[in-house]
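After the structure tokens below, expect a handful of questions from me.
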Amino acid sequence: MKLSSVRIEGRLTWGIVRGNEFLDVGQVMAHQFADLKAAIAANLDGVAQASAQAPSYALNSVEWLPTIPNPQKILCVGLNYEMHRKETGRSDVEHPTIFVRFASSQTAHLSPMIKPKVSAEFDYEGELALVIGKAGRYIERDEALAHVAGYACYNDGSVRDFQRHTHQYTPGKNFPGTGAFGPWMMTPDELGELSKLTIETRLNGAVVQSACFDQMIFDIPRQIEYCSQFTRLEPGDVILTGTPGGIGAKRNPPLWLRAGDVVEVEVERLGILTNRIEEEA
């Protein structure tokens, strides 16, 4: 299934994307689940069946929201592709590099990503996001994928000068409207085996990042295992699994995002996340 959060005629809801239609399962199941995160916490129980009674809307008539608008945690894995590690000049990493992003920094598919007015160094980072479906602490590696509800495209937009102010990434990763998430999450049974799938980031139609998921330094089971050691993972939590090499900051000259630019993040078989860049008012 492809599951998304949207706004229809001013009303927040969630449901299933099927072809060119959005099935408003949230309206049918409002008495059970307040939002997509709540449905995920219940293992999406009854969601597929409820779609048969759900009102249908054309996809171009809905306003996309971040796939999970209200995650309790967004954990981000840095330096997780060898080419990206090398282009940043970092040494080999023994453990995953983790930082956090706030839910308030997110934006949605076809909504603008906002270039902060205090910086000229706004950069793209195409990533695969995973959404936790089953809670857990100290999750074993061989059980980790059973805790995943789905996968989505993410653009971990980064304000590089603020990211470099100290050794902590947090300021550069949390400006409002810089983290794009969507348009949907796809359940693992539909997406299939991840390792040989590809991710590609395009800026104004030109490919700027491209990689296969088997090039990750720490694979997804290891990321889940590690994160669950220092925090309990809850349904609806999001893990960003890292960006490939090719970021704008390490090009010569640097390739910074400007107002009017269009960035696409495509994950093979999953979908395309598209955002136009706008200047902060």
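Kindly state, as a whole number, the per residue volume in cubic angstrom of the convex hull around the alpha carbon atoms of the stretch 62-185. Don't skip to the answer; put the middle values down first.
Working: hull volume 15.5 nm³, N = 124.
Dividing the Cα hull volume of the stretch 62-185 by its residue count gives 125 Å³.
Can you pull the percent of Cα pairs in the stretch 1-61 with separation above 16 Å?
32 percent
Would you compute, from DSSP H runs of 4+ residues alone, the mean residue ellipticity of the chain at 222 nm, taking -39500 (n - 2.57) per run and dividing by the full residue count, rounded to the nearest 500?
Numbers: 7 runs with 40 residues, N = 281.
Calculated at 222 nm, the ellipticity per residue is -3000 deg cm²/dmol.
Decide, for the stretch 176-219, between rounded, prolate and oblate: order the square roots of the alpha carbon gyration tensor eigenvalues as a ≥ b ≥ c, take rounded if a/c falls under 1.5, and otherwise choose prolate if a/b is larger than b/c, else oblate. Can you show the working numbers first?
On the way: a/c = 1.80, a/b = 1.24, b/c = 1.45.
Judged from the Cα gyration tensor, the stretch 176-219 comes out oblate (a/c at least 1.5, b/c at or above a/b).
So how long is each side of the stretch 240-281 along the principal axes, counting just the alpha-carbon atoms, biggest first, in Å?
On the principal axes, the stretch 240-281 reaches 33, 26, 16 Å in Cα extent.
Okay, next question. Rounded to the nearest 20 debye, what is the charge dipole size of the stretch 175-232 about its Cα centre when +1 sits on each Lys and Arg Cβ and -1 on each Asp and Glu Cβ?
Details: 4 positive and 7 negative charges, 50 e Å.
With Lys and Arg at +1 and Asp and Glu at -1, about 240 debye.
Among the lysines, select those whose C-alpha is under 20 Å from the C-alpha of Lys173, and discard any that sit fewer than 8 residues away in the same chain.
Those lysines meeting the cut-off are Lys73, Lys115, Lys117, Lys250.
Tell me, Kirkwood radius of the stretch 150-229 from alpha-carbon pair distances, in Å? Don't skip to the answer; put the middle values down first.
Details: mean 1/r = 0.0665 Å⁻¹.
It works out to 15.0 Å.
Same structure, new question: Taking the Cα of Arg141, stepping 7 Å toward and past its beta carbon, and measuring to each backbone N in the stretch 220-250: which are under 18 Å?
Within reach of a label on Arg141: 220-230.
What shape does the chain take by its C-alpha gyration tensor, where a ≥ b ≥ c are the square roots of the eigenvalues and a/c under 1.5 counts as rounded, a/b above b/c as prolate, and the rest as oblate? Display every interim value, and only then the final one.
On the way: a/c = 1.78, a/b = 1.29, b/c = 1.38.
Oblate, because a/c is 1.5 or more while a/b does not exceed b/c.
Suppose R0 equals 25 Å. What FRET efficiency, 1/(1 + (r/R0)^6) with r the Cβ-Cβ distance, do Lys196 and Asn252 give to the nearest 0.05? Don't skip to the end; give the middle numbers.
On the way: r = 32 Å, r/R0 = 1.26.
Once the sixth-power term is evaluated, E becomes 0.20.
Quick one: longest stretch of the chain between exposed loop chymotrypsin sites (Phe, Trp or Tyr not before Pro), exposed meaning at most 16 other C-beta atoms within 10 Å and loop per DSSP? Please list the in-between numbers first.
Numbers: sites that count: Phe102, Tyr138.
With chymotrypsin sites (Phe, Trp or Tyr not before Pro) excluded where exposed in loops, the chain gives 139-281 as its longest stretch.
Would you kindly derive the ³J(HN,Hα) couplings of the stretch 230-240 from the backbone phi angles with the Karplus curve 6.51 cos²θ - 1.76 cosθ + 1.60 (θ = phi - 60°), listing them in order in whole Hz, with x for Gly and Pro?
Values per residue, Gly and Pro as x: 9, 7, 7, 7, 10, x, x, 4, 10, 10, 8 Hz.
Roughly how many whole Å is it from the C-alpha centroid of the stretch 183-241 to that of the stretch 242-281?
17 Å
Here's another thing I want to ask about it. Relative contact order of the stretch 227-281, please, whole-number percent, based on alpha carbon pairs below 8 angstrom and at least 6 residues apart. Before the final figure, lay out each step's value.
On the way: 37 pairs, mean separation 12.5, N = 55.
Relative CO of the stretch 227-281 lands at 23 percent.
Quick one: net charge around Lys73, please, counting Lys, Arg +1 and Asp, Glu -1 for every other residue with C-beta under 14 Å from its C-beta.
Charge balance in the 14 Å sphere: +3.
A further question follows. With Cβ to Cβ distances under 10 Å as the rule, what net charge do the other residues near Gly260 carry (K, R +1; D, E -1)? Please list the in-between numbers first.
Numbers: positive: Arg258, Arg276; negative: Asp261, Glu278, Glu279.
Around Gly260, the charge tally is -1.
Which of the three applies to the stretch 1-147, rounded, prolate or oblate, going by the alpha-carbon gyration tensor with a ≥ b ≥ c and a/c under 1.5 meaning rounded? Could the numbers behind the result be given before it?
Details: a/c = 2.53, a/b = 1.48, b/c = 1.70.
Cα axes put the stretch 1-147 in the oblate bin.
Laboratory data are not the source of any read-out in this text; all were calculated from the coordinates shown. A quick note: this is a predicted structure, and the numbers were derived from the prediction, not measured. All Cβ positions, even for glycine, are placed from backbone atoms using ideal geometry, and neighbour counts span all protein chains on display.
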